[in-house]
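Asker: Here you go, one structure.
The values are calculated or read from the model by the stated rules, or taken from the named source; none is laboratory data. Model, not experiment: these values are computed from the prediction. Ideal geometry is used to build each Cβ from the backbone, glycine not excepted, and the neighbour counts take in all protein chains shown.
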Amino acid sequence: MSETDNMMAIANAPSTDGVALRSDDGLCGKTAFVTGSAQGLGAGVAQGLWDRGCNVVLADVNARSNEATAHAIDADGERVQALHVDVGDPASADESFRAALERWGTVDILVNNAAVTAARSLWQITMDEWDDVMSVNLRGVFIMSRIAGRHMRDSGGGRIVNIASLAGQMARPSGAHYAASKGGVIALTRVFASELAADGVTVNAVAPAIVDTPMLQAIGAERVQQLTRQVPVGRAGTTEEVAALVAFLASDDAGYITGATCDINGGMLMR
Ligand SMILES: NC(=O)c1ccc[n+]([C@@H]2O[C@H](COP(=O)([O-])OP(=O)(O)OC[C@H]3O[C@@H](n4cnc5c(N)ncnc54)[C@H](O)[C@@H]3O)[C@@H](O)[C@H]2O)c1
(Lines give C-alpha, C1' and ligand atoms only; values in the text may rest on other atoms or scores of the structure.)
Protein backbone atom coordinates (compact mmCIF):
# COMPACT_ATOMS: atom_id res chain seq x y z
CA MET A 1 0.00 0.00 0.00
CA SER A 2 1.37 3.43 -0.90
CA GLU A 3 1.90 6.11 1.72
CA THR A 4 -1.17 8.05 0.49
CA ASP A 5 -3.35 4.91 0.42
CA ASN A 6 -2.23 4.15 3.94
CA MET A 7 -3.25 7.62 5.17
CA MET A 8 -6.64 7.30 3.42
CA ALA A 9 -7.17 3.93 5.04
CA ILE A 10 -6.49 5.45 8.46
CA ALA A 11 -8.95 8.27 7.79
CA ASN A 12 -11.69 6.01 6.35
CA ALA A 13 -11.61 3.00 8.62
CA PRO A 14 -14.40 0.48 8.02
CA SER A 15 -17.45 0.18 10.19
CA THR A 16 -18.92 -3.00 11.65
CA ASP A 17 -22.57 -3.68 12.43
CA GLY A 18 -23.42 -0.19 11.21
CA VAL A 19 -21.28 1.39 13.94
CA ALA A 20 -18.57 3.69 12.63
CA LEU A 21 -15.20 2.84 14.15
CA ARG A 22 -13.31 5.82 15.42
CA SER A 23 -9.88 5.65 13.86
CA ASP A 24 -8.52 9.17 13.90
CA ASP A 25 -6.67 10.07 17.09
CA GLY A 26 -5.89 13.48 15.59
CA LEU A 27 -2.22 12.66 15.04
CA CYS A 28 -2.38 12.18 11.28
CA GLY A 29 -0.87 15.26 9.58
CA LYS A 30 0.44 16.79 12.82
CA THR A 31 4.11 17.76 13.14
CA ALA A 32 6.13 16.39 16.04
CA PHE A 33 9.58 17.59 17.15
CA VAL A 34 11.45 14.85 19.03
CA THR A 35 14.75 15.59 20.79
CA GLY A 36 17.41 12.93 21.36
CA SER A 37 16.01 11.06 18.38
CA ALA A 38 19.15 9.46 16.97
CA GLN A 39 18.79 6.24 18.93
CA GLY A 40 16.96 4.45 21.74
CA LEU A 41 13.69 5.77 23.05
CA GLY A 42 13.78 8.97 20.98
CA ALA A 43 14.12 6.98 17.76
CA GLY A 44 11.29 4.68 18.92
CA VAL A 45 9.03 7.62 19.77
CA ALA A 46 9.79 9.27 16.41
CA GLN A 47 8.97 6.00 14.63
CA GLY A 48 5.75 5.60 16.64
CA LEU A 49 4.53 9.10 15.78
CA TRP A 50 5.51 8.65 12.12
CA ASP A 51 3.59 5.34 12.02
CA ARG A 52 0.52 7.22 13.28
CA GLY A 53 0.75 9.72 10.41
CA CYS A 54 2.79 12.58 11.92
CA ASN A 55 5.49 14.53 10.17
CA VAL A 56 8.47 13.98 12.42
CA VAL A 57 11.41 16.26 13.14
CA LEU A 58 14.35 14.32 14.54
CA ALA A 59 16.61 16.64 16.55
CA ASP A 60 19.83 15.34 18.08
CA VAL A 61 23.35 16.47 18.89
CA ASN A 62 24.70 13.40 17.08
CA ALA A 63 24.05 14.54 13.50
CA ARG A 64 25.36 11.47 11.71
CA SER A 65 23.34 8.79 13.47
CA ASN A 66 20.33 11.12 13.58
CA GLU A 67 20.43 11.33 9.76
CA ALA A 68 20.69 7.53 9.58
CA THR A 69 17.70 7.11 11.91
CA ALA A 70 15.66 9.61 9.89
CA HIS A 71 16.51 7.67 6.73
CA ALA A 72 15.54 4.38 8.36
CA ILE A 73 12.16 5.81 9.37
CA ASP A 74 11.34 7.43 6.02
CA ALA A 75 13.83 6.84 3.21
CA ASP A 76 12.06 9.33 0.91
CA GLY A 77 12.21 12.02 3.57
CA GLU A 78 8.62 12.95 2.76
CA ARG A 79 7.46 13.17 6.37
CA VAL A 80 10.75 13.36 8.20
CA GLN A 81 13.40 16.02 8.84
CA ALA A 82 16.73 15.50 10.63
CA LEU A 83 18.17 18.51 12.45
CA HIS A 84 21.23 19.07 14.58
CA VAL A 85 20.53 20.51 18.03
CA ASP A 86 22.21 20.87 21.37
CA VAL A 87 19.14 21.26 23.57
CA GLY A 88 21.11 22.95 26.35
CA ASP A 89 22.16 25.77 24.03
CA PRO A 90 19.39 28.36 23.46
CA ALA A 91 20.81 29.53 20.11
CA SER A 92 21.02 25.99 18.76
CA ALA A 93 17.54 25.17 20.06
CA ASP A 94 16.10 28.32 18.47
CA GLU A 95 17.79 27.63 15.17
CA SER A 96 16.54 24.05 14.93
CA PHE A 97 12.99 24.97 15.91
CA ARG A 98 12.98 27.73 13.30
CA ALA A 99 14.19 25.25 10.66
CA ALA A 100 11.30 22.94 11.58
CA LEU A 101 8.79 25.80 11.28
CA GLU A 102 10.24 26.75 7.89
CA ARG A 103 9.69 23.24 6.56
CA TRP A 104 6.34 22.34 8.13
CA GLY A 105 4.73 25.72 8.93
CA THR A 106 3.96 24.67 12.50
CA VAL A 107 4.99 22.30 15.28
CA ASP A 108 2.09 20.68 17.13
CA ILE A 109 3.95 18.25 19.40
CA LEU A 110 7.24 18.50 21.29
CA VAL A 111 8.78 15.43 22.88
CA ASN A 112 11.62 16.36 25.25
CA ASN A 113 13.54 13.10 25.26
CA ALA A 114 17.25 14.04 25.01
CA ALA A 115 19.22 13.15 28.11
CA VAL A 116 22.58 11.93 29.33
CA THR A 117 23.39 9.84 32.35
CA ALA A 118 26.26 8.37 34.35
CA ALA A 119 25.65 5.82 37.09
CA ARG A 120 28.16 7.28 39.52
CA SER A 121 28.09 7.57 43.27
CA LEU A 122 27.72 10.88 45.11
CA TRP A 123 31.46 10.90 45.78
CA GLN A 124 32.49 10.32 42.16
CA ILE A 125 30.44 13.01 40.43
CA THR A 126 32.57 15.94 39.30
CA MET A 127 31.06 19.42 39.05
CA ASP A 128 31.59 19.43 35.28
CA GLU A 129 29.64 16.20 35.04
CA TRP A 130 26.88 17.66 37.25
CA ASP A 131 26.66 20.70 34.94
CA ASP A 132 26.62 18.55 31.77
CA VAL A 133 23.78 16.37 33.01
CA MET A 134 21.75 19.38 34.20
CA SER A 135 22.39 21.23 30.95
CA VAL A 136 20.95 18.50 28.73
CA ASN A 137 18.34 16.93 30.99
CA LEU A 138 16.84 19.96 32.75
CA ARG A 139 18.00 23.19 31.13
CA GLY A 140 17.35 21.55 27.73
CA VAL A 141 13.74 20.78 28.68
CA PHE A 142 13.25 24.36 29.92
CA ILE A 143 14.74 25.88 26.75
CA MET A 144 12.89 23.67 24.27
CA SER A 145 9.57 23.90 26.13
CA ARG A 146 9.74 27.70 26.25
CA ILE A 147 10.40 27.93 22.51
CA ALA A 148 7.74 25.38 21.55
CA GLY A 149 5.29 26.49 24.26
CA ARG A 150 5.31 30.08 23.00
CA HIS A 151 4.71 28.91 19.43
CA MET A 152 1.90 26.52 20.49
CA ARG A 153 0.28 29.17 22.70
CA ASP A 154 0.28 31.65 19.81
CA SER A 155 -1.01 29.12 17.30
CA GLY A 156 -3.94 27.84 19.34
CA GLY A 157 -2.68 24.72 21.09
CA GLY A 158 -0.30 21.81 21.18
CA ARG A 159 1.18 18.98 23.17
CA ILE A 160 4.42 18.75 25.13
CA VAL A 161 5.53 15.35 26.44
CA ASN A 162 8.61 15.16 28.65
CA ILE A 163 10.51 11.93 29.19
CA ALA A 164 11.23 11.83 32.92
CA SER A 165 12.34 8.71 34.80
CA LEU A 166 11.59 6.57 37.81
CA ALA A 167 14.97 7.89 39.01
CA GLY A 168 13.25 11.26 39.60
CA GLN A 169 10.53 9.61 41.71
CA MET A 170 12.36 7.00 43.80
CA ALA A 171 15.72 6.82 45.55
CA ARG A 172 18.63 4.91 44.04
CA PRO A 173 22.17 4.82 45.35
CA SER A 174 23.77 6.41 42.27
CA GLY A 175 23.29 9.07 39.64
CA ALA A 176 22.40 11.99 41.94
CA HIS A 177 22.66 14.47 39.07
CA TYR A 178 20.46 12.33 36.82
CA ALA A 179 17.86 11.83 39.58
CA ALA A 180 17.82 15.54 40.42
CA SER A 181 17.45 16.49 36.75
CA LYS A 182 14.52 14.07 36.29
CA GLY A 183 12.84 15.29 39.49
CA GLY A 184 13.27 18.76 38.02
CA VAL A 185 11.65 17.65 34.76
CA ILE A 186 8.58 16.46 36.70
CA ALA A 187 8.40 19.86 38.46
CA LEU A 188 8.87 21.76 35.18
CA THR A 189 6.10 19.65 33.63
CA ARG A 190 3.66 20.96 36.25
CA VAL A 191 4.78 24.58 35.93
CA PHE A 192 4.57 24.61 32.12
CA ALA A 193 1.24 22.75 32.31
CA SER A 194 -0.31 25.33 34.60
CA GLU A 195 1.09 28.26 32.64
CA LEU A 196 -0.18 26.89 29.31
CA ALA A 197 -3.42 25.14 30.36
CA ALA A 198 -5.72 27.95 29.26
CA ASP A 199 -4.01 28.15 25.85
CA GLY A 200 -4.88 24.62 24.70
CA VAL A 201 -1.38 23.31 25.33
CA THR A 202 -1.09 20.20 27.50
CA VAL A 203 2.20 19.34 29.16
CA ASN A 204 2.76 15.88 30.60
CA ALA A 205 5.62 13.62 31.56
CA VAL A 206 6.14 9.90 31.19
CA ALA A 207 8.38 8.15 33.68
CA PRO A 208 9.92 4.93 32.40
CA ALA A 209 12.15 2.76 34.56
CA ILE A 210 14.05 0.17 32.57
CA VAL A 211 13.71 0.35 28.81
CA ASP A 212 15.93 -1.64 26.51
CA THR A 213 18.02 1.09 24.80
CA PRO A 214 21.72 1.91 24.35
CA MET A 215 21.52 4.11 27.51
CA LEU A 216 20.46 1.04 29.47
CA GLN A 217 23.07 -1.23 27.86
CA ALA A 218 25.74 1.33 28.81
CA ILE A 219 25.35 0.48 32.49
CA GLY A 220 26.56 -3.10 31.84
CA ALA A 221 24.89 -6.47 31.32
CA GLU A 222 25.26 -7.59 34.94
CA ARG A 223 23.63 -4.44 36.33
CA VAL A 224 20.85 -4.67 33.71
CA GLN A 225 20.09 -8.24 34.84
CA GLN A 226 20.13 -7.14 38.46
CA LEU A 227 17.69 -4.32 37.70
CA THR A 228 15.40 -6.43 35.55
CA ARG A 229 14.99 -8.93 38.39
CA GLN A 230 13.40 -6.12 40.43
CA VAL A 231 10.68 -5.46 37.84
CA PRO A 232 7.34 -7.02 38.90
CA VAL A 233 6.41 -7.84 35.28
CA GLY A 234 9.80 -9.54 34.93
CA ARG A 235 11.32 -7.76 31.96
CA ALA A 236 12.56 -4.45 30.61
CA GLY A 237 10.06 -2.23 28.80
CA THR A 238 10.25 -1.74 25.05
CA THR A 239 10.60 1.49 23.12
CA GLU A 240 7.31 0.65 21.37
CA GLU A 241 5.47 0.55 24.70
CA VAL A 242 6.80 3.96 25.71
CA ALA A 243 6.14 5.34 22.22
CA ALA A 244 2.49 4.23 22.46
CA LEU A 245 2.05 6.14 25.73
CA VAL A 246 3.70 9.24 24.26
CA ALA A 247 1.45 9.01 21.19
CA PHE A 248 -1.63 8.78 23.41
CA LEU A 249 -0.59 11.87 25.40
CA ALA A 250 0.03 13.68 22.10
CA SER A 251 -3.36 12.69 20.70
CA ASP A 252 -6.70 14.52 20.77
CA ASP A 253 -7.97 11.92 23.25
CA ALA A 254 -5.61 13.23 25.93
CA GLY A 255 -6.85 16.83 25.87
CA TYR A 256 -8.02 16.70 29.50
CA ILE A 257 -4.74 15.35 30.86
CA THR A 258 -2.18 17.96 31.80
CA GLY A 259 0.52 18.33 34.43
CA ALA A 260 0.52 14.55 34.92
CA THR A 261 3.45 12.18 35.24
CA CYS A 262 2.44 8.82 33.78
CA ASP A 263 4.33 5.86 35.22
CA ILE A 264 5.48 3.20 32.74
CA ASN A 265 7.71 1.00 34.83
CA GLY A 266 6.45 -2.60 34.85
CA GLY A 267 5.11 -2.12 38.37
CA MET A 268 8.31 -0.85 39.98
CA LEU A 269 6.39 2.03 41.52
CA MET A 270 2.73 1.46 42.32
CA ARG A 271 0.90 4.41 43.87
N1 LIG B 1 16.56 3.57 28.77
C2 LIG B 1 16.00 3.56 29.95
O3 LIG B 1 15.96 2.55 30.66
C4 LIG B 1 15.38 4.82 30.49
C5 LIG B 1 14.72 4.78 31.73
C6 LIG B 1 14.12 5.92 32.23
C7 LIG B 1 14.17 7.09 31.50
N8 LIG B 1 14.80 7.12 30.31
C9 LIG B 1 14.83 8.39 29.60
O10 LIG B 1 14.46 8.17 28.24
C11 LIG B 1 15.11 9.12 27.41
C12 LIG B 1 15.86 8.41 26.31
O13 LIG B 1 16.77 7.50 26.88
P14 LIG B 1 17.57 6.45 26.01
O15 LIG B 1 17.74 5.27 26.85
O16 LIG B 1 16.97 6.32 24.66
O17 LIG B 1 18.98 7.22 25.89
P18 LIG B 1 20.11 7.16 24.77
O19 LIG B 1 21.40 7.54 25.42
O20 LIG B 1 20.05 5.87 24.04
O21 LIG B 1 19.67 8.33 23.79
C22 LIG B 1 19.76 9.69 24.17
C23 LIG B 1 19.84 10.54 22.92
O24 LIG B 1 19.96 11.91 23.33
C25 LIG B 1 20.91 12.54 22.51
N26 LIG B 1 21.48 13.71 23.17
C27 LIG B 1 22.38 13.73 24.19
N28 LIG B 1 22.71 15.00 24.48
C29 LIG B 1 21.99 15.81 23.65
C30 LIG B 1 21.89 17.20 23.49
N31 LIG B 1 22.63 18.06 24.21
N32 LIG B 1 21.04 17.68 22.55
C33 LIG B 1 20.32 16.83 21.78
N34 LIG B 1 20.39 15.50 21.89
C35 LIG B 1 21.20 14.99 22.82
C36 LIG B 1 21.96 11.45 22.25
O37 LIG B 1 22.77 11.76 21.12
C38 LIG B 1 21.07 10.23 22.06
O39 LIG B 1 20.69 10.08 20.71
C40 LIG B 1 16.01 9.94 28.33
O41 LIG B 1 15.32 11.12 28.72
C42 LIG B 1 16.20 9.04 29.52
O43 LIG B 1 16.52 9.75 30.69
C44 LIG B 1 15.41 6.02 29.78
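Asker: If you go through the range 104-111 one residue at a time, do you hit one that is out of contact with any strand residue (DSSP E or B) (no Cβ under 7 Å at 6 or more places or on another chain) and of a type outside the set (Phe, Trp, Tyr)?
Answerer: Yes, there is a match, as at least one residue in the range 104-111 is out of contact with any strand residue (DSSP E or B) (no Cβ under 7 Å at 6 or more places or on another chain) and of a type outside the set (Phe, Trp, Tyr).
Asker: Among what's in the range 26-44 and is closer than 19 Å to GLU95 by Cβ and part of a loop (DSSP other than H, G, I, E, B), pick the residue that is farthest from the ligand (Cβ to nearest atom).
Answerer: Ranking the qualifying residues of the range 26-44, first place goes to SER37.
Asker: Considering only the range 195-207, I want to know if a residue exists there that is under 21 Å from MET134 (Cα atoms), touching a residue at least 12 places away in the same chain (Cβ under 8 Å) and more than 15 Å from the ligand (Cβ to nearest atom).
Answerer: Yes, the range 195-207 contains at least one residue that is under 21 Å from MET134 (Cα atoms), touching a residue at least 12 places away in the same chain (Cβ under 8 Å) and more than 15 Å from the ligand (Cβ to nearest atom).
Asker: Exactly one condition in (1) touching a helix residue (DSSP H, G or I) at 6+ places or on another chain (Cβ under 7 Å); (2) among the charged types (D, E, K, R); (3) modelled with pLDDT of 95 or more is false for ASP51; which is it?
Answerer: Result: ASP51 fails condition (1) only.
Asker: Go through (1) aliphatic (A, V, I, L, M); (2) within 28 Å of ASP128 (Cα to Cα); (3) buried (at least 22 other Cβ atoms within 10 Å of the Cβ) and name the single condition ILE160 misses.
Answerer: (2)
Asker: Here's something else I'd like to know. Of all the helices (runs of 4 or more DSSP H) wholly in the range 169-229, which have at least 3 residues that are surrounded by fewer than 20 Cβ atoms within 10 Å (Cβ to Cβ) and of a type in the set (A, V, I, L, M)?
Answerer: 176-196, 221-229
Asker: Restrict the check to the range 110-120 and report whether at least one residue is closer than 30 Å to GLY220 by Cβ, at pLDDT below 95 and charged (D, E, K, R).
Answerer: Taking every residue of the range 110-120 in turn, at least one turns out to be closer than 30 Å to GLY220 by Cβ, at pLDDT below 95 and charged (D, E, K, R).
Asker: In the range 230-242, what residues are away from the ligand (no atom under 11 Å from the Cβ) and either in a helix (DSSP H, G or I) or on the phi > 0 side of the Ramachandran plot (or both)?
Answerer: GLY234, GLU240, GLU241
Asker: At pLDDT below 95 and not aliphatic (A, V, I, L, M): is that true of SER174 in this structure?
Answerer: The answer is yes for SER174.
Asker: From GLU95, GLU67, GLU102, GLU78, which residue is more than 30 Å from ARG223 (Cβ to Cβ), touching an Asp or Glu at 6+ places or on another chain (Cβ under 7 Å) and charged (D, E, K, R)?
Answerer: GLU78
Asker: On to the next question. Need pairs with beta-carbon distance below 7 Å; first residue over 15 Å from VAL116 (Cβ atoms) and within the range 136-160, second among the polar types (S, T, N, Q) and part of a helix (DSSP H, G or I); sequence gap 6+ or separate chains.
Answerer: Matching pairs, first to second residue: ILE160/SER145.
Asker: May I pose another question? Search the range 54-78 for residues being in contact with a helix residue (DSSP H, G or I) (Cβ under 6 Å, 6 or more places away or on another chain) and closer than 24 Å to GLY26 by Cα, and hand back the single one that is farthest from the ligand (Cβ to nearest atom).
Answerer: For the range 54-78, the residue satisfying everything is ASN55.
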